[in-house]
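The values are calculated or read from the model by the stated rules, or taken from the named source; none is laboratory data. Just so we're clear, the structure is a prediction, and the values are computed from it rather than from any experiment. Here Cβ is always computed from backbone atoms with ideal geometry, including for glycine, and neighbour counts include all displayed protein chains. SASA here: full protein model, heavy atoms, side chains in, ligands and nucleic acids out. Shrake-Rupley method; radii C 1.70, N 1.55, O 1.52, S 1.80 Å.
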Amino acid sequence: MAYSADIPGLRYASHQYGQHNLQRVGVWQHNDAPEAADSTPSYWIIFVHGGGWRDPRNTLHDFVPSIKHMLAQPDLPRSAVRGFASVDYRLSPHPQFPQDPASTPANELRQALHPQHVQDVLAALRLLDAEYGIGGNYVLIGHSVGGTLVHQVIMNNDASRAWGPAAPLPAALVSISGIHDLRGLAERHGGVYETFIADAFGPDRQVWDAASPAKFAGNFKSLWPNEPRLVILASSAEDTLIDVAELDIMEAKLVKDGITPIAIRDLRLEHDSIWEDGTQVAALAAKAVAKLRQQ
Ligand SMILES: Nc1ccccc1C(=O)C[C@H](N)C(=O)O
């Protein structure tokens with residue numbers, strides 16, 4: 001049941017925020033009425049999947065194992081969580097999954113180019129705010145290129161709003177095995193890294209830099225007014241696809257901007273096993289919520 005959204009005890013709703021099949025967001029909430037209101041705040045936990053901006057095997061369902069672990073997580077009380085959401089966004093072409101543009105319906109074609117991926121994530125957050133009133137009460141978790149996208153939500157909050165109208169900003173960001181410097185990653189590894197970045201961003205490396213959170217010309221602290229601006233950066237030493245340099249450079253950028261992230265370099269498991277297993281994603285979400293509730 002790899003693609004099932006079914007989680008015992010939760011009801012699932014899928015929402016479209018655009019015409020394309022991938023412009024959708026999944027929402028899971030507890031079946032029964034919420035517990036008696038308590039005075040401590042509660043949060044939405046929202047996930048943005050990875051897959052090199054292109055892999056159709058990565059979907060909003062990537063969050064399901066992590067949600068199951070969160071339900072069983074003793075240090076993430078039910079009263080602390082309003083619900084879970086996971087975002088799909090239009091993808092770029094993948095050479096292993098070719099499509100014939102002549103015969104493929106427009107709403108199934110994967111031909112997105114930056115900034116369409118982040119435009120979609122912003123649109124999904126606006127939909128969640130309109131339908132569920134998430135406001136700034138959410139933890140935004142990204143895996144791999146999802147880690148790029150969650151930082152870009154903050155980057156978009158400058159005067160130009162280049163990638164879309166304002167979306168509510170999160171209370172906390174969690175970037176797991178995140179890609180933060182496109183050019184750096186491509187130059188260190190070459191090969192398929194250059195290919196999937198060029199397929200998603202085009203050939204101009206200045207565009208890559210402008211989209212890279214760690215190379216961002218603006219200041220994360222000033223564009224993210226809501227306290228406490230909690231950021232958790234996490235990487236696994238067993239990850240053979242994303243090296244710790246991607247975490248190091250993002251940590252340095254945030255520190256320069258006046259934000260001290262929590263940096264966790266000792267996750268276990270290979271790149272994709274982290275979300276497939278979900279235990280560590282759940283623990284990171286619980287850590288973020290606990291920190292927010294301590295404020
Ligand atoms: N090679 C990578 C390195 C780093 C991060 C992702 C990938 C991917 O391959 C993503 C996806 N499975 C893809 O086929 O594009």
Being in a loop (DSSP other than H, G, I, E, B), small (Gly, Ala, Ser) and under 30 Å from residue 286 (Cα atoms) is the filter here; which residues of region 201-244 pass it?
212, 218, 237
Exclusive hit being open to solvent by less than 40 Å² (accessible area, probe 1.4 Å), modelled with pLDDT of 95 or more, farther than 29 Å from residue 82 by Cβ and among the hydrophobic types (A, V, I, L, M, F, W, C), set 264, 242, 274
242
Only listed residue being touching a Gly at 6+ places or on another chain (Cβ under 7 Å) and in a helix (DSSP H, G or I), chosen from 123, 198
123
Of (1) touching a helix residue (DSSP H, G or I) at 6+ places or on another chain (Cβ under 6 Å); (2) more than 16 Å from the ligand (Cβ to nearest atom); (3) closer than 24 Å to residue 280 by Cβ, residue 180 satisfies all except one. Which?
(2)
Checking residue 54 against (1) out of contact with any Asp or Glu (no Cβ under 8 Å at 6 or more places or on another chain); (2) basic (Lys, Arg); (3) within 16 Å of the ligand (Cβ to nearest atom), the condition it does not meet
(1)
Would it be correct to say that residue 102 is among the aliphatic types (A, V, I, L, M) and over 26 Å from residue 250 (Cβ atoms)?
yes
Under 9 Å between Cβ atoms, at least 6 apart or on separate chains: pull out the pairs that start in region 192-208 with a residue that is in contact (Cβ under 8 Å) with a residue 24 or more places away in the chain and end on any residue that is among the acidic types (Asp, Glu).
196/55; 208/181
Scanning region 88-143 residue by residue, those among the charged types (D, E, K, R), more than 21 Å from residue 212 (Cα to Cα), in contact (Cβ under 8 Å) with a residue 40 or more places away in the chain and out of contact with any Ser or Thr (no Cβ under 9 Å at 6 or more places or on another chain) turn out to be 108, 126, 131
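To keep it simple, each residue is scored yes or no on (1) under 27 Å from residue 169 (Cβ atoms); (2) among the basic types (Lys, Arg); (3) at pLDDT below 95.
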position: 2; (1), (2), (3): no, no, yes
position: 14; (1), (2), (3): yes, no, no
position: 26; (1), (2), (3): yes, no, no
position: 61; (1), (2), (3): yes, no, no
position: 66; (1), (2), (3): yes, no, no
position: 81; (1), (2), (3): yes, no, no
position: 93; (1), (2), (3): no, no, no
Somewhere in region 131-143, is a residue within 13 Å of the ligand (Cβ to nearest atom), within 21 Å of residue 260 (Cα to Cα) and crowded, with 20+ Cβ neighbours inside 10 Å?
yes
All positions within region 150-165 that are touching a residue at least 12 places away in the same chain (Cβ under 8 Å) and open to solvent by 10 Å² or more (accessible area, probe 1.4 Å):
157, 158, 162, 163, 164, 165
If a residue must be open to solvent by less than 60 Å² (accessible area, probe 1.4 Å), more than 12 Å from the ligand (Cβ to nearest atom) and more than 23 Å from residue 155 (Cα to Cα), how many such residues does region 183-197 contain?
0
Selection status of residue 211, out of contact with any Asp or Glu (no Cβ under 9 Å at 6 or more places or on another chain) and within 16 Å of the ligand (Cβ to nearest atom)
yes
